[in-house]
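Each value in this text was obtained by applying a stated rule to the coordinates, not by laboratory testing. Remember, it's a predicted structure, so these values are computed and weren't measured experimentally. Glycine gets a Cβ as well: all are built from the backbone with ideal geometry, and neighbour counts include every protein chain shown.
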Amino acid sequence: MRKNIVAGNWKMNNSLQETKQLLSELVKQDKSSQAEVMVAPAFINLESAAQFLKESTIEVVAQNMHFASNGAYTGEISASMLKGVAVNTVILGHSERRAYFNETDELLAKKVDAALANNMRVIFCFGEELSDRKANNEEKVVESQIANALFHLEASAWENIVLAYEPVWAIGTGETATPNQAQDMHQFIRKTVENKYDSAVANSVSILYGGSVKPTNAKEIFSKEDVDGGLIGGASLKAEDFFAIVNAF
């Protein structure tokens with residue numbers, strides 16, 4: 001049975017002190033939830049966050065990682081380094097990584113392989129630009145991104161894959177896909193996975209929605225059959241807003 005997941009992607013925000021302050025507020029808010037809760041602080045604060053939350057049910061995850069295990073990759077972080085500070089889940093393929101750092105499907109496939117080889121869970125992000133949607137190419141773009149980066153995997157590997165659909169036009173813009181638009185795309189994504197593998201794999205993978213989810217719209221979005229949670233940006237930086245979204249389940 002697939003899990004409900006709400007993951008907060010903090011992006012390049014919060015100093016160490018601000019990270020500890022937000023985490024302390026999150027711990028106070030953390031009650032029995034119907035969803036698995038994750039937060040992704042900046043690399044430099046991952047170890048402190050993991051230590052701070054070691055008695056909590058909130059999981060600390062990474063925003064990115066390199067595909068190599070070590071070497072001359074200045075400024076990069078490997079899977080083993082993440083595992084070494086008790087981080088076992090990584091976000092890969094976020095639209096900002098694709099747009100600002102030119103990450104391709106082929107590169108992301110290598111990162112996915114490296115994460116899985118290190119027994120990590122992957123939150124794999126993908127989604128169309130506004131121009132794709134206006135041209136009615138959103139399904140083609142989404143299918144291509146998933147297939148190029150993930151369809152070389154054995155079915156068993158999908159136990160450690162979480163999908164996160166991000167309509168790029170709805171990230172940081174205040175725009176949000178309607179709940180029905182989100183459901184239609186999530187249903188298409190699940191069918192795409194089923195066509196490649198089988199219904200068991202498709203029905204077990206969690207598909208998160210990432211695109212300006214707020215306390216005011218989370219309940220309706222999460223009520224849709226194929227929406228299993230959210231990858232939350234700005235709203236995850238305020239404990240009250242984040243847990244209002246978590247508790248939308």
(message) Counting only helical runs of four or more DSSP H residues, what would the 222 nm mean residue ellipticity of the chain come to if each run contributes -39,500 (n - 2.57) and the total is spread over all its residues?
(response) -11500 deg cm²/dmol
(message) I want the local charge near Ala49. Using Cβ-Cβ distances under 11 Å, sum +1 for each Lys or Arg and -1 for each Asp or Glu among the other residues.
(response) 0
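Only sites in a loop by DSSP and with at most 12 other Cβ atoms within 10 Å count here; which trypsin sites (Lys or Arg not before Pro) in region 36-121 make the cut?
The qualifying sites are Lys54.
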(request) Any of Lys28/Lys110; Lys140/Lys224; Lys28/Lys111; Lys110/Lys196 with alpha carbons more than 28 Å apart? Name them for me. (result) Lys28/Lys110; Lys28/Lys111
(message) So if a site counts as exposed when it's one of the GluC sites (Glu not before Pro), its DSSP state isn't H, G, I, E or B, and it has at most 11 other Cβ atoms within 10 Å, what's the longest stretch of the chain without one?
(response) 56-153
(request) Name the long-range amide H neighbours of Asn64: under 5 Å, sequence gap of 5 or more, or other chain; modelled H, no Pro or chain starts. (result) Ile91
(message) Counting only other residues whose beta carbon sits under 14 Å from that of Ile77, what net charge do I get with K and R as +1, D and E as -1?
(response) +1
(request) Work from the charge dipole of the chain (Cβ charges, +1 for Lys and Arg, -1 for Asp and Glu, about the Cα centre) and give the residue of Ser204, Gly230, Met38 farthest towards its positive end. (result) Met38
(message) Please report the net charge: other residues with Cβ closer than 12 Å to the Cβ of Thr104, K and R +1, D and E -1.
(response) +1
(request) Under a 10 Å cutoff between Cα atoms, tell me which one of Lys134, Lys214, Lys196 has the largest fluctuation in the Gaussian network model of the chain. (result) Lys134
(request) At most 16 other Cβ atoms within 10 Å and a DSSP loop assignment: could you name the chymotrypsin sites (Phe, Trp or Tyr not before Pro) in region 44-113 that fit? (result) Tyr73
(request) Could you pull out every one of the lysines with an alpha carbon less than 21 Å from that of Lys219, ignoring same-chain neighbours closer than 8 positions? (result) Lys3, Lys31, Lys238
